[in-house]
Amino acid sequence: MVKATTVGTAVVVCAAVGVAVVLARRRRRRDAELLGSAAAERKRRAAAIIEDVERSLSSPTALLRGIADAMVVEMERGLKGDIHSCLKMLISYVDNLPTGDEHGLFYALDLGGTNFRVIRVQLGGREKRVVKQQYEEVSIPPHLMVGTSIELFDFIAAALAKFVETEGDDFHLPEGRQRELGFTFSFPVHQNSISSGTLIKWTKGFSINGTVGEDVVAELSRAMERQGLDMKVVALVNDTVGTLAGGRYMDNDVVAAVILGTGTNAAYVEHANAIPKWTGLLPKSGNMVINTEWGSFKSEKLPLSEYDKAMDFDSLNPGEQIYEKMISGMYLGEIVRRILLKLAHDASLFGDVVPPKLEHPFVLRTPDMSAMHHDSSHDLKILGEKLKDIVGVSDTSLEVRYITRHICDIVAERGARLAAAGIYSILKKIGRDKVPSDGSKLPRTVIALDGGLYEHYKKFSSCLEATLTDLLGEEASSSVVAKLANDGSGIGAALLAASHSQYAVFD
């Protein structure tokens with residue numbers, strides 16, 4: 001009897017264990033199905049977001065042509081002085097670009113941010129060109145960026161005077177002549193002549209009372225006098241105009257310059273008689289360099305996505321600099337961050353918890369975006385390390401890395417293609433976009449490009465050049481050259497000092 005009970009108990013236990021095993025298997029299967037279903041849903045959501053990003057940031061060639069046409073219209077309105085044009089088309093008063101014949105000693109001051117550069121060049125004419133060049137970079141103490149005008153310009157003039165004292169025997173100033181300076185000033189000014197301009201507003205972290213509405217050349221000149229420095233400012237130029245001058249000095253076929261860095265701008269050589277707002281006698285050269293300030297371009301044709309609109313809304317200048325916010329180095333990384341944040345929130349791209357660092361605006365800089373975009377390793381190791389360092393996600397799947405690189409590609413491609421459309425619009429405006437109807441050959445046409453975005457983000461620059469070729473067509477594009485003019489704005493200001501020298505008539 002005891003034996004039978006024991007056997008029965010064993011059978012019951014075995015049966016219970018069997019049931020438990022079956023239930024556990026079913027539970028695991030159900031959990032796996034739920035996990036699989038959740039994973040599938042996350043993938044579906046991610047795919048939908050990516051598809052929407054591809055659609056909203058798309059820039060087909062037909063759209064680019066329309067954007068270029070709209071930009072030409074705004075350029076013409078700006079040249080007429082239409083206050084409602086989004087392109088100001090500022091007259092630079094530079095009508096004589098360097099020819100290569102310039103010779104003598106000239107200085108330049110390049111002020112455009114928290115650092116400034118002082119430069120000197122010895123020019124040797126067409127044969128020797130730049131005989132010698134020296135420069136020094138100086139950091140501006142933070143308290144001077146929010147101090148007084150006198151304090152700032154005295155600091156700059158003191159640094160310039162100290163730099164002049166180090167002038168060696170390799171530099172020669174003819175006896176009886178005053179040193180001359182080209183002043184690159186990369187803040188908004190209303191220019192009155194080649195050597196004068198009133199400050200409209202400070203940007204880039206500067207907030208100095210007493211300078212707005214004042215002539216910045218006069219401010220600098222008074223500061224140099226206080227330092228006992230005998231030097232005359234003969235050219236006040238924007239950095240893009242300086243790049244154009246530097247580019248023309250190196251290549252006589254340069255007709256325009258484009259800055260693609262933290263910000264963006266373009267300048268080009270316009271026929272003076274095509275500038276209705278120009279008053280007075282036409283310059284002898286018949287030409288005038290125009291500073292387009294194209295970063296402020298906006299049009300309903302621009303492919304603005306929800307990410308662009310949200311970024312603009314959150315910016316310090318909503319509704320302004322729309323084109324710049326779509327193509328420049330300040331913003332490309334931020335657009336990528338906003339797209340990744342959407343994927344993290346709505347598709348759990350980085351897991352169930354949204355990485356807190358990803359919530360911080362501008363935490364993803366464009367140089368980091370470029371490094372991720374250029375990662376060609378089989379496991380995208382560099383990209384994974386960047387996500388770990390920037391976003392704080394220590395372990396990302398290969399799929400997540402590929403998605404991130406694809407987002408970088410979409411954003412960079414749109415930016416590059418829109419930049420190419422801007423260059424194409426300038427070529428259209430000056431009639432260098434197609435082969436002449438009389439069958440003659442299109443003159444060689446060079447665009448000088450400067451800025452870290454163009455120089456270092458190779459996929460961006462390659463896409464820009466390919467798009468420009470596509471817009472121009474095979475025949476016209478064979479005569480158009482995009483050329484890196486590295487650091488052209490600094491030496492460009494010195495060259496403009498030479499071409500607008502008070503002694504030029506005697507030379």
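The values are calculated or read from the model by the stated rules, or taken from the named source; none is laboratory data. Please read these numbers as outputs of a predicted model, since none were measured by experiment. Ideal geometry is used to build each Cβ from the backbone, glycine not excepted, and the neighbour counts take in all protein chains shown. Ligands, DNA and RNA are excluded from the accessible area calculation, which covers all protein heavy atoms including side chains. Shrake-Rupley method; radii C 1.70, N 1.55, O 1.52, S 1.80 Å.
Both numbers refer to the Cα atoms of the stretch 35-87; Rg and Dmax are 20.6, 64 Å. Plainly put, the stretch 82-170 has a radius of gyration that is 1.09 times its Kirkwood radius, both from alpha-carbon atoms, as the Rg/Rh ratio. The mean accessible area for residues of the stretch 77-123, using a 1.4 Å probe and ignoring ligands and nucleic acids, is 33 Å² per residue. Ligands, DNA and RNA left out, the accessible area of the chain computed with a 1.4 Å probe is 53% carbon and sulfur. Packing around the peptides 424-437, 165-178, 392-405, taken as the average count of other Cβ atoms within 10 Å per residue, puts them in this order, highest first: 424-437, 392-405, 165-178.
Computed over Cα pairs, the Kirkwood radius of the stretch 309-436 leads via Stokes-Einstein (0.890 mPa s, 25 °C) to a diffusion coefficient of 154 µm² per second. For the stretch 236-251, backbone nitrogen atoms closer than 17 Å to the point 7 Å from Ser479 Cα along Cα-to-C-beta are found at no residue. Per the Kirkwood formula applied to alpha carbons, the stretch 153-304 shows a radius of gyration over Rh ratio, Rg over Rh, of 1.00. The three principal axes of the Cα atoms in the stretch 33-149 give end-to-end lengths of 79, 41, 41 Å, sorted in falling order. Our coupling estimate for the stretch 120-127, obtained by passing each phi through the Karplus curve with A = 6.51, B = -1.76, C = 1.60 and θ = phi - 60°, is 9, 9, 9, 9, x, x, 5, 7 Hz, Gly and Pro reported as x.
A 1.4 Å probe over all protein chains sorts Trp202, Trp294 by accessible area into Trp202, Trp294, starting with the largest. Surface listing: Asp308, Asp95 arranged by accessible area from highest to lowest gives Asp95, Asp308, probe 1.4 Å.
If R0 is taken as 60 Å, the Cβ-Cβ distance between Arg126 and Asp470 corresponds to a FRET efficiency of 0.95. Residue pairs exceeding 31 angstrom between C-alpha atoms, taken from Lys88/Lys284; Lys381/Lys483; Lys309/Lys388; Lys43/Lys298; Lys284/Lys325: Lys381/Lys483; Lys43/Lys298; Lys284/Lys325.
Computed from Cα atoms alone, the Kirkwood hydrodynamic radius reported for the stretch 68-112 is 13.7 Å.
Global dimensions of the chain from alpha-carbon coordinates: Rg and Dmax equal 29.9, 132 Å. Taking all Cα pairs closer than 8 Å and separated by 6 or more residues, the relative contact order of the chain comes to 20 percent.
Mean projected area of the convex hull spanned by the Cα atoms of the stretch 365-428, taken over all viewing directions: 4.7 nm². Taking every Cα-Cα distance in the stretch 121-178 and sorting them into 10 Å bins from zero, the calculated P(r) comes out as 18, 37, 26, 16, 2 percent.
Residues in the stretch 298-315 carry Karplus couplings, in order, of 8, 7, 5, 6, 5, x, 7, 9, 4, 6, 5, 5, 5, 5, 4, 4, 7, 7 Hz; the curve used is 6.51 cos²θ - 1.76 cosθ + 1.60 with θ = phi - 60°, and Gly or Pro positions show x. Here, P(r) means the percent of Cα pairs in each 5 Å bin from 0 to the largest distance; for the stretch 313-374 it is 4, 17, 23, 23, 18, 11, 4, 0. Within a straight-line Cα-Cα reach of under 15 Å, Lys434 can be paired with the following aspartates and glutamates, leaving aside sequence neighbours fewer than 8 residues apart in one chain: Asp69, Asp470, Glu474, Glu475.
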